[in-house]
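Notes follow the structure.
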Amino acid sequence: MDGVTQWHVTETGEAIAVPVGAGPHRLESQAPGYVWLHVDTAKGGARHWLEAAGLEPLVLRALLAPETRPRCTSHGDGVLMNLRGVNLNPGDEVEDMISLRMWITGKLLVSVQLRNLVAVADVQAGFERGQAAENPAELVARLALRLADRAEPVVAELNEKVDVLEDQLIDGVVAPASRADLAHVRRVSIMLRRHMAPQRDALSTFEIEDLPWVAGESRPRLREATERVTRLAEELDAIRDRAQVVQDQIMDARAEVMNRQMLVLSVVAAIFLPLGLITGLLGINVGGVPGADSRASFWIVTAVLVAIGGLLFWWFRKLGLLAKR
């Protein structure tokens with residue numbers, strides 16, 4: 001069946017790929033060990049195959065829900081869990097995270113993806129090499145760790161972009177493209193953080209659940225996965241805060257430049273205001289204007305205007321309004 005893979009892991013840890021047919025099927029194996037059934041509903045027929053697998057209606061609805069958030073919920077003798085992984089498919093946005101829905105019992109793990117998830121392929125490749133998880137709980141921990149592994153380079157790249165933006169801000173060179181990069185970093189970090197925090201809580205809940213089939217050696221792996229996701233969430237918090245600081249500094253620098261420009265315009269207007277008043281008074285068409293009959297009046301008025309302008313310039317400079325920065 002295209003889009004459906006099934007592994008039977010024996011008590012000795014041997015992973016056996018089980019062919020999946022299109023006819024009636026039984027999920028849980030009666031043999032010792034457990035079964036991992038992975039369904040990619042993007043492939044034709046896989047969704048219908050899962051609907052006919054005999055799962056409880058509540059479990060089936062949870063596995064095929066169009067929208068999910070990371071969570072861990074006990075149901076009967078099993079657990080419903082949703083995790084999220086970064087989208088590394090070509091042409092897609094990395095922050096458009098892909099959900100991994102799971103139904104977990106002591107003998108069965110059913111995982112469902114609606115789009116291609118690279119972390120699942122990594123774990124399946126390990127099964128093909130004979131590196132199978134000993135039980136379903138350890139398989140959950142392995143999937144969570146691979147999801148974190150795939151997310152770490154994305155978070156590291158965001159950190160590097162913020163470092164570059166901070167260096168540009170220190171050098172005083174912040175181009176419009178840099179502001180666009182900053183907006184992208186903030187958007188990606190916020191969207192990733194939106195799923196990382198509940199994913200940490202889901203793994204922590206699964207770790208502390210009092211389930212008899214969660215073996216003692218599986219809990220340290222689950223704890224490690226929880227700590228990895230916690231660290232990613234904290235790094236995303238730091239990236240978001242650093243990006244906000246850079247944004248504030250950019251806005252402060254732009255506001256300072258704008259205020260400086262407005263100050264220069266105000267000073268220029270203040271210098272020419274009295275000069276314009278004087279020339280306006282001398283240019284009115286009424287009798288009695290001083291110096292109207294003297295050829296030297298124009299140069300005398302010009303010299304007076306230059307002197308007044310020079311005095312105003314010196315005064316504003318002394319007040320610090322025209323100081324160099």
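Some values worked out for this structure:
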| quantity | calculated |
| --- | --- |
| Solvent exposure, largest accessible area first (probe 1.4 Å, DNA, RNA and ligands not counted), of F206, F313, F298 | F298, F313, F206 |
| R240 - accessible surface, heavy atoms, 1.4 Å probe, Å² rounded to 10 | 90 Å² |
| Between 0 and 90°, nearest 10: helix 218-282 axis offset from the chain longest Cα axis | 10 degrees |
| Virtual spin-label span in nm between A156 and L265, 7 Å along Cα→Cβ | 4.9 nm |
| Exposure ranking of R61, R179 by accessible area [1.4 Å probe, largest first] | R61, R179 |
| The chain: most fluctuating residue of G172, G280, G91 per GNM, C-alpha cutoff 10 Å | G280 |
| Fluctuation leader among A65, A215, A156 - the chain, Gaussian network, Cα springs under 10 angstrom | A65 |
| Options [x] 150, 36, 32; [y] 121, 37, 33; [z] 57, 45, 39 - which one matches Cα extents along the principal axes in Å as calculated here | [y] |
| The range 116-173 versus the range 199-225: alpha-carbon centroid distance in Å | 20 Å |
| Rounded accessible area of S294 (nearest 10 Å², 1.4 Å probe) | 60 Å² |
| Calculated FRET efficiency for the pair L281/E56, C-beta based, R₀ 56 Å, to 0.05 | 0.05 |
| Gain on full stretching of the segment that runs from V245 to A296 - 0.36 nm per residue minus C-alpha separation | 12.1 nm |
| The chain: calculated mean residue ellipticity at 222 nm from DSSP helix runs of at least 4, using -39500 (n - 2.57) | -19500 deg cm²/dmol |
| Degrees between helix 297-318 axis and first principal axis of the chain (Cα, 0 to 90, nearest 10) | 40 degrees |
| Apportionment of accessible area to carbon and sulfur, the range 63-199, percent (1.4 Å) | 50 percent |
| Fully extended contour minus Cα-Cα distance, from V304 to V118, at 0.36 nm per residue | 58.9 nm |
| Per residue solvent-accessible surface (Å²) - the range 194-325, probe of 1.4 Å | 66 Å² |
| Most mobile listed residue (Q131, Q199, Q247) in the chain, GNM with C-alpha springs under 10 Å | Q131 |
| Helix 118-128 vs. the chain, principal-axis angle (Cα, 0 to 90°, nearest 10) | 30 degrees |
| Rounded FRET efficiency, nearest 0.05, which uses the C-beta distance separating A183 from E14 and R0 of 45 Å | 0.30 |
| Extension reserve of the D92-T205 stretch, reckoned as 0.36 nm per residue once the Cα distance is removed | 37.6 nm |
| DSSP-defined antiparallel bridges as percent of all bridges, the chain, nearest 5 | 80 percent |
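The values are calculated or read from the model by the stated rules, or taken from the named source; none is laboratory data. Bear in mind that the values here come from a model prediction, so they are computed numbers and not experimental data. As a convention, Cβ positions derive from the backbone with ideal geometry for all residues, glycine included, and neighbour counts pool all protein chains shown. Heads up: the accessible areas ignore ligands, DNA and RNA and are worked out on the full protein's heavy atoms, side chains in. Shrake-Rupley method; radii C 1.70, N 1.55, O 1.52, S 1.80 Å.
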